[in-house]
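Values in this text are rule-based calculations from the coordinates and carry no lab data. The structure displayed is predicted, hence computed values, not measured ones. Cβ sites come from the backbone with ideal geometry, for glycine too, and all protein chains shown count toward neighbours.
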Amino acid sequence: MTVAWHEDQKRLTPKEIQEISFPVSRLGRRGYDEDHVRAFLRQVEQEIVTLLNEKVSLWNEVERLRRRIISGMKSGTEGVLFGKEDAHVHAVRILSNAQLTADRYVADAQAYSHRLTEEARSRRDEILAQAQEHADMVLEEASARAREAAIEALNSPSPASPQTETDRNALRAELAYLRAFGEVYRTHLRAYTEGMLRSIDEWEQREARSLEQTSLEAAGLTDFGRARELR
Amino acid sequence: MDAQRLRDSFSRVNMFGDEVPLFFYSDLFIRHPEVRDLFPISMRSQRDHLVGALAQIVSSVDRADELTPFLQGLGRDHRKFGALTEHYDAIGDSLLTTVAHFCGDGWSAELAADWADAYSLISSVMIAAARRDEALRPAVWSGTVVGCDPRSFDISVLQVKPEPRLDFLPGQSVAVESPRRPRLWRYYSVANAPREDGTLEFHIRLIDGGAVSMALTQGQSVGDEVRMGPPVGVLTLDVTSGRDILMVAGSTGLAPLKAIIEHVAMLPAPPQVHLFFGARTADGLYDLPSLDKLAAEYDWLTVTPSVSADSRHRGETGSLPDVVTRHGSWSTRDVYLAGPTELVHETTTRLTSAGTPRNQIHVEDFGWSEP
């Protein structure tokens, strides 16, 4: 009985690499950039998968040759080196490799779409936070203006004892000014908000389009492959 | 059949890892190319499922009481994938070829007999369960999207009319497949109690990188077709307890709880229901208008929305378990929980340590399948 390389169960598997998570380093201590570590782990996982595949196919080949030799010895002839049974195993190996390639295409497309959506989501949050901040600023400024206006109005002489025509005119002017001012702010705020909404819409549409594209590529793998060949 | 010998050979074969299911499926598809169509393009998670199921079967192969219900479930479950009785022989052939291949010199006539016996036992139980199920209901229901309502940039509410009528209990889920992602099934809770027109409501959240949720939220429109499997799930109303109810829903976990609220409304004497509905930000509270309407209609229903990641929000803020426990002890109530796994877990822990008996807490158990 052949003792194979795989009998040590404690070995690291690609799945373990895929699923590992490290604790975050304590505040104030320096740690590695998480994205870099992840990217490297993906690379390591791919490498291990490739090595494992190679190893198993070598093991298969050794087994095949061993069996050939034994059957050759039994029948007293040298036997054929590549029989019908071998052809089947060979075909299985070819199909397996094709399947692994397809799996990788789908996984890559999925990882790409994952990253894209994640980025879109955080960009959206950023835009919304910015808009909120701007709105707060505008409101604050407007209310400060209003307060000033109110204090000014209190300090100015009461309309019950009207002063000169010029005073009244000045008050009217002030009122008009404030009205105009408020209007300007409202327009300003509206334009800004609409602009923000438009840019969010646009972002959403672009996201939907590119997600659709990615997933179509992932789903229609064969068509995609053909289309590329034609190009 | 020597169960121990079978287990030993399986654990030897299993050490080849992913190569084993890879060989199995390639062998199957070369001999029976027509079977390939029953599987998705990427076989990655399929292979993990196969190994997982095999491991479970092999470990309990001599304990019929444990094995039989598992196999019956598998047999019924595989109907929606298009598995037919004649496929079982093909799969048995490829299974034996695969085990023989990886056993190498260790393969013997006795071992071959063990595996053949075990497989014929497994397949006969699965086939019998599938046949019984066939008499009761269709393998799949075709559905037409009759309503499509995007509620926020990543949440859509779909109304689907199944054909024929699909009967279920409020709170249960069905597996859904979109023709844009053939052979990929995901479970979604029905968000309503059975309606006269038979339509089903689904609340679908776009998962980053999620193949099916993407197909169902992006570019879905009225008239599109989906396919659905039979209803499953244990998160249903306990009508016998007589206790008042606490519900905690995180995001689209609202769906099954909304169905249960509709069920409560049909009771002659509805208990008090307090629903906490939480999301990260206010626009994640995608179904609030309809909940407010329900709360206005039913005096036994209280709805408390809360937001966890927006301190400006007017109203309840904080993590959902915090908000729920802040509102008092709920030890005398039945509890229904649904939402992200961590949320369900955390809320369960908090409530039990505050005195709610574990058997009063109802959650969905997706242990047997891919959510």
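When its C-alpha radius of gyration is set against 2.2 N^0.38 Å (N residues), the stretch B:3-136 gives a value of 1.02. Dipole check for the stretch B:245-362: with +1 at the C-beta of Lys and Arg, -1 at the C-beta of Asp and Glu, and the Cα centre as origin, the magnitude is about 220 Debye. Placing +1 on each Lys and Arg Cβ and -1 on each Asp and Glu Cβ, with no other charges, gives the stretch B:141-228 a dipole about its Cα centre of roughly 240 debye. Run the count for the protein assembly as shown, please: Lys pairs, Cα-Cα under 22 angstrom, 8 or more apart or on different chains. Pairs that pass both the separation and distance tests number 6. Ratio of Rg to Rh for the stretch B:244-371: 0.94 [Cα atoms; Kirkwood radius as inverse mean 1/r over pairs].
With a simple spin-label model that places each label point 7 Å from the Cα along the Cα-to-Cβ direction, the separation between B:D62 and B:D93 comes to 3.2 nm. Charge tally around B:F168: other residues with Cβ under 13 Å, Lys/Arg +1 each, Asp/Glu -1 each, net 0. Once the other residues with Cβ under 10 Å from the Cβ of B:T98 are scored (Lys, Arg +1; Asp, Glu -1), what is the net sum? Local charge sum for B:T98: -3. Evaluate E = 1/(1 + (r/R0)^6) for A:E133 and B:T317, where r is the Cβ-Cβ distance and R0 equals 22 Å; express this FRET efficiency to the nearest 0.05. Calculated value: 0.70. Computed over the stretch B:9-127, relative contact order equals 39 percent, with contacts defined as Cα pairs under 8 Å that lie 6+ residues apart. To the nearest ten degrees, helix B:3-14 and the longest principal axis of the Cα atoms of chain B are 80 degrees apart.
Since only B:S173, B:A113, B:F202 are under comparison, the one whose Cα sits farthest along the positive direction of the charge dipole of the stretch B:103-204, derived from C-beta charges on Lys, Arg, Asp and Glu, is B:F202. Here the calculated FRET efficiency for A:Y185 and B:Q272, from their Cβ-Cβ distance with R0 = 45 Å, stands at 0.40, rounded to the nearest 0.05. Just report the Cα centroid separation between the stretch B:48-125 and the stretch B:312-365, whole Å. Result: 41 Å between the Cα centres. Once Rg and the Kirkwood radius are both taken over the C-alpha atoms of chain B, their ratio Rg/Rh works out to 1.02.
With axes computed from alpha carbons, what is the tilt in degrees of helix B:288-297 against the longest principal axis of chain B, rounded to the nearest 10 within 0 to 90? For helix B:288-297, the angle is close to 60 degrees.
Of the residues B:M214, B:M126, B:M43, the one that moves most in a GNM of chain B with alpha-carbon contacts below 10 Å is B:M43.
Each Lys and Arg adds +1 at its Cβ and each Asp and Glu adds -1 at its Cβ; summed about the Cα centre, the protein assembly as shown shows a dipole of about 420 debye.
By the beta-carbon count within 10 Å of each Cβ, the least crowded to most crowded order of B:K161, A:K55, fewest first, is A:K55, B:K161.
Out of every Cα pair in the protein assembly as shown, what percent are spaced more than 31 Å from each other? Above the 31 Å cut-off, the protein assembly as shown has 64 percent of its Cα pairs.
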